[in-house]
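Take a look at the structure below.
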Amino acid sequence: LLLEGAAVTSIELGERYGFVGTARGQYYMIPDYRTSVLNAELQCTAHFRSVTDVVFPRDTSDIFVTSSYNDIRVWNVKTRAELLRIQVPNLTCSCLALAPDGSAIMSGWDDGKVRVFLPQSGKLARVIANAHEEGVSAIACTTSTRDLVSGGGDGRLRIWRAGRMIASLKEHKAPITALCVR
C-alpha cells in the first residue's frame, strides 16, 4: 500500500478506524477500513528527516516556518496545520530567515545557493547561485529587506544587496552556524 508515493511504515487497526503512518512523515485515518482502504484521510504531515531551522515572523506568533531535507513548510500554530510546502527535491534547506516586512522567505541550501521564496504562494523569487562553496549554513535579513547576510560551511560571511555580493569576509575556520543582525 502506497499513500501519496510514501511507503507504509506502521498500521494500527481499531474497532472503527484504522491508522497508517508513512515513511514521508504523514499519518492517515481510514474510516471503515474493513470495506475499503481507498478512503484514507490525511490527518497530519511532518518532515521526514531532521528539522534544520525554525523561525517565527517578526510581529506574530500565529505562524512559523521550518526547514528540512526536500522542503520548507509554513505552519499555523493554533491548528497545527501545514499552510504551505515549498519543495526543492534532493537538497537540504540548512537555514531560514524571514524578511521583516513579511515579503520573503530567505533560505540557505546545502548546494551552496540562497533561494528566496514568496510566502503566500511559495513561488521562487530569486536565486543567488554559488553563494557559498561548502553550502549555506546561516542566513539573516536586515531591516531594509534588500540586504541579506549569509554564512557558509567554509567559514565565509557574505553580504548581499539585491542579489549581488557587496562584501565577503573570511575570519572563521569552521562553518558559521548562526547570524544575528541588529
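What whole number of Å gives the distance from the Cα centroid of region 85-108 to the Cα centroid of region 28-65? That distance is 19 Å. Over all pairs of different C-alpha atoms in region 2-62, the reciprocal of the mean inverse distance, the Kirkwood hydrodynamic radius, equals 13.3 Å. Candidate cross-link partners of K123 among the aspartates and glutamates, defined by an alpha-carbon separation under 15 Å and a same-chain spacing of 8 or more, comprise D71. Residues of region 140-174 falling in the label zone of D101, defined by backbone nitrogen less than 19 Å from a point 7 Å along Cα to beta-carbon, are 140-149, 160-164. In the context of the full set of protein chains, the chain has a per residue accessible area of 58 Å² (1.4 Å probe). Straight distance only, please: which aspartates and glutamates reach the Cα of K78 with their own Cα at less than 12 Å, same-chain residues fewer than 8 apart left out? Straight-distance partners of K78: D62. Shown for region 32-112: the carbon plus sulfur share of the solvent-accessible area, taken with all protein chains present and a 1.4 angstrom probe, equals 49%. About its Cα centre, the dipole of region 52-168 is roughly 320 debye, where the only charges are +1 on Lys and Arg Cβ and -1 on Asp and Glu Cβ.
Ordered by 1.4 Å accessible area with all protein chains kept, K113, K173, K78, K123 run largest first as K173, K78, K123, K113.
The values are calculated or read from the model by the stated rules, or taken from the named source; none is laboratory data. Note that the structure is a prediction, hence the values are computed from the model and not measured. Quick reminder, even Gly has a Cβ in these numbers, built from the backbone with ideal geometry, and neighbours come from all protein chains shown. SASA here: full protein model, heavy atoms, side chains in, ligands and nucleic acids out. Shrake-Rupley method; radii C 1.70, N 1.55, O 1.52, S 1.80 Å.
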